[in-house]
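Worksheet: one structure, shown below.
A short reminder: the numbers here are calculations on the coordinates, not readings from a lab. Remember, it's a predicted structure, so these values are computed and weren't measured experimentally. Ideal geometry is used to build each Cβ from the backbone, glycine not excepted, and the neighbour counts take in all protein chains shown.
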Amino acid sequence: MTLKIAFLGLGIMGAGMVRRLIGAGFEVSVYNRNPERAAAFADQARVAASPREAAEGADVIIAMLTDDAASRGVWLGADGAIAGMAADMVCIEASTLSPDWIAEWAQAVAVAGGVPLDAPVTGSKVAAEAGELVFIIGGDAEGIARATPALKAMSKDIVHLGPSGSGTKFKLINNFVGGVQIAALAEGLAMIEQSGLAFEKSVETLISGAPGSPMVKMITARVLAGDYRPNFQVSLQAKDMAYAVTEAEKLGVDLRTVKAAIATFDAAVADGYGTEDIAAVIKSVRARSQ
């Protein structure tokens, strides 16, 4: 039997994920707070007027949203997805959220008789469109098994890290490590420019050496191409790192480098680059260095 999927959130990531599900033959209902984005799928999916309507009749609910507030808004309340779900339905929160909210969300799903899986992803817009995301999951193994056909349509790997909340906590670590690299890279590129060094030769040498992680190489390529179309927005990277700092403080870990990186990303948002790709941090650092 083909799974019926309710998908909540059709932004940069969600739209690509839904296309993968539709292409794999799943029956999909969609909901988006901005109805224009949902209307674009009207000839391929059932467009719902509310999260509750999207969830009704589905086997699996998947959400891909910007932050805690957006997630809370689609799951809870009289028109929320939980109100429309059937008993024992698998509920997947694929957004990058705070562990505190995920704990509250998982309890609300469980109380309503559902199976909560926090399953944030690694990979951005291109990976979502190509079905090459990696799902990092916390929750029940049996629930993961039931959702696996849908997850496979959107991903190249599914990693079960442990109980509920595990996926969310790992994703914040993953994102803050990447964010620190981007902030350092932006400062490095600005210093190369201000030093009068041969820019392209210096950059090539930098990324071919020890600092040249996949993240650094990817962001450098976008900077060199002048391509700041959003794959992952500056403002969302800042949000993820802020969630990480809050969680780390509870664990007695002082994320000093992350706090410095957040300041760099917050400055980029203040400079008007919040909706651009994370590579746009270099534009802010460059402007502030002159």
Dipole moment magnitude, nearest 20 debye, the chain about Cα centre, only Lys, Arg, Asp, Glu C-beta charged: 480 debye
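In segment 67-175, what percentage of the DSSP-assigned beta bridges are antiparallel, given to the nearest 5?
Numbers: 4 of 14 bridges.
Counting DSSP beta bridges with both partners in segment 67-175, the antiparallel share is about 30 percent.
With an 8 Å cut-off on Cα pairs and a minimum separation of 6 or more residues, tell me the relative contact order of the chain in percent. Each step should come with its number before you reach the end.
On the way: 551 pairs, mean separation 41.2, N = 290.
It rounds to 14 percent for the chain.
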For the chain, share of DSSP beta bridges that run antiparallel, in % to the nearest 5: 15 percent
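Lys and Arg at +1, Asp and Glu at -1: add these up for the other residues within a Cβ distance under 14 Å of Ser289 and post the number. Write out the running numbers ahead of the final one.
On the way: positive: Lys283, Arg286, Arg288; negative: Glu187, Glu193, Asp271.
Local net charge: 0.
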What percentages make up the Cα-Cα pair-distance distribution of segment 182-258 when the bins are 5 Å wide from 0? 3, 13, 20, 20, 16, 14, 9, 4, 1, 0
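Working from the pairwise distances between different alpha carbons, so that the mean of 1/r is found and then inverted, what is segment 35-172's Kirkwood radius in Å? Please list the in-between numbers first.
Numbers: mean 1/r = 0.0667 Å⁻¹.
Evaluated on segment 35-172, it is 15.0 Å.
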With no solvent and one equal point scatterer placed on each C-alpha of segment 57-121, evaluate the Debye formula and give log10 I(q)/I(0) for q = 0.22, 0.25 Å⁻¹, two decimals. -0.84, -1.10
Relative pair counts by distance (%), Cα atoms of the chain, 10 Å bins: 7, 28, 33, 21, 10, 2, 0
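Ignoring everything except DSSP H segments at least 4 long, calculate the 222 nm mean residue ellipticity for the chain; use -39,500 (n - 2.57) per segment, divide by total residues, nearest 500. Let's see the in-between values first.
Details: 14 runs with 157 residues, N = 290.
Taking each H run of at least 4 residues, the total per residue is -16500 deg cm²/dmol.
I want the local charge near Ile173. Using Cβ-Cβ distances under 11 Å, sum +1 for each Lys or Arg and -1 for each Asp or Glu among the other residues. Present the calculation step by step, with values, prior to reporting the outcome.
Working: positive: Lys169, Lys171; negative: Asp240, Glu247.
Combined, the nearby Lys, Arg, Asp and Glu give 0.
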Can you give me the long-range amide H partners of Glu27? Hydrogens built in the peptide plane at 1.01 Å from N, cutoff under 5 Å, separation of 5 or more residues or another chain. Ile5
Around Glu129 (Cβ within 10 Å, Cβ-to-Cβ, excluding Glu129; K/R +1, D/E -1) the net charge comes to +2
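Looking at this model, which pairs from Lys217/Lys239; Lys152/Lys239; Lys169/Lys283; Lys125/Lys152; Lys259/Lys283 are more than 26 angstrom apart at the alpha-carbon? Could you put the intermediate results ahead of the total?
On the way: Lys217/Lys239 23 Å; Lys152/Lys239 28 Å; Lys169/Lys283 30 Å; Lys125/Lys152 17 Å; Lys259/Lys283 20 Å.
The pairs that break the limit, which is 26 Å between Cα atoms, are Lys152/Lys239; Lys169/Lys283.
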